[in-house]
Amino acid sequence: MATTESSTPASTAGQLVGLEAAGPQRSATRTPPQRVGGRSVGRLVAKVVLWVLLVGFALLFLYPLVWLFAASLKPRGEVFDKLPLASWAVNSVAIAVIAALLVTLSRSLVAFAFAYYRFPGRKVLFGLVLATMMLPGAVTMVPQYLIWLKLGLVGTWVPLFGANLFGSAFYIFLQRQFFLGLPRELFEAARVDGASYFGLFRRIALPLSIPSLIIIYLFEFQASWNNLQAALIYLNAGSVDGFTVPLGISYAMTQFSPSAGGQGDYQYVMVASLLVTLPMLALFTFGQRYFVEGVATQGRKG
């Protein structure tokens with residue numbers, strides 16, 4: 001009897017220890033509460049709704065492009081016989097490339113001067129440059145036309161890109177802000193080593209500001225590519241083969257409009273419109289990483 005009584009507390013203690021040891025394992029294998037499963041279902045539903053909205057908006061924005069492509073499906077020879085699309089495309093590309101290149105180089109020089117040099121009246125002069133952004137384009141349109149007319153350049157490409165050499169406050173401001181984020185010690189050290197002022201710009205400022213330069217180039221390329229107003233003013237009196245793509249589309253709309261004696265062959269206009277759209281999509285695909293890199297760089301500087 002004594003043996004039995006003495007072994008009972010020991011076995012009871014062993015059972016208690018075993019229960020305590022098995023406790024964590026049971027809790028680890030316990031099924032999660034119902035509220036956790038509810039949260040998972042809720043997150044899944046939210047993701048599905050988000051994807052449905054994203055796909056829906058994507059289809060909504062892509063529909064005009066798909067319709068444009070479908071409406072432009074005509075025999076290639078017939079389209080190019082009706083409209084000189086190749087000439088318009090070459091003209092637009094040449095003008096846009098030259099205009100973007102001139103604006104990128106000229107604005108970078110001016111922006112570097114405002115960012116690096118310390119001279120009397122710098123802030124006042126920069127404020128005057130920014131004040132030109134307040135002037136509507138219609139105010140300077142007539143004086144610019146009279147200048148180009150006096151120079152005998154109306155009817156040529158020069159007025160479409162020549163003005164890019166003489167000022168664009170927005171691009172100057174954008175590039176100046178980027179230059180201000182560069183460490184000034186780099187320029188001071190280069191000056192001590194005997195670098196010229198233009199050497200500072202060419203060897204230090206330009207290589208470090210490639211993302212911002214590409215952004216300015218793409219902005220101006222797009223602006224020049226879609227510039228119908230300047231083409232109407234300076235090229236409308238020339239031959240049809242000398243038109244740009246936007247001016248050619250305007251011409252085609254008039255040419256094929258039933259109100260102007262046309263047959264309503266708007267599929268040719270669709271081809272020209274598609275020709276305008278595709279290069280911009282290609283440029284955005286190429287330049288989107290530079291947009292992101294430029295924004296990220298400015299964020300790190302801030």
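Okay, here's what the table says:
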item: Matching residues in the stretch 234-252 - criterion: being within 20 Å of Val271 (Cα to Cα) and without any contact (Cβ under 8 Å) to a residue 12 or more places away in the chain; result: Tyr251
item: Matching residues in the stretch 110-125 - criterion: being farther than 13 Å from Ala169 by Cα and of a type in the set (A, V, I, L, M); result: Ala113, Ala115, Val124
item: Helices (runs of 4 or more DSSP H) fully within the stretch 122-229 counting 2 or more residues that are closer than 27 Å to Phe243 by Cβ and among the hydroxyl-bearing types (Ser, Thr, Tyr); result: 137-150, 210-225
item: Pairs with Cβ under 8 Å, 6+ apart, first in the stretch 175-190 and closer than 15 Å to Ala111 by Cβ, second part of a loop (DSSP other than H, G, I, E, B) and among the polar types (S, T, N, Q); result: Gln175/Ser209; Phe178/Ser209; Phe179/Ser209; Leu182/Ser209
item: Answer residue from the stretch 222-239, given it is surrounded by fewer than 19 Cβ atoms within 10 Å (Cβ to Cβ) and under 21 Å from Thr277 (Cα atoms) and is nearest to the chain's Cα centre (by Cα) among those; result: Gln222
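Every number in this text was worked out from the coordinates using simple rules, so none of it is lab data. Only a predicted model underlies this, so the values are computations on that prediction, with no experimental measurement involved. No Cβ is skipped: glycine too gets one built from the backbone with ideal geometry, and neighbour counts run over all protein chains shown.
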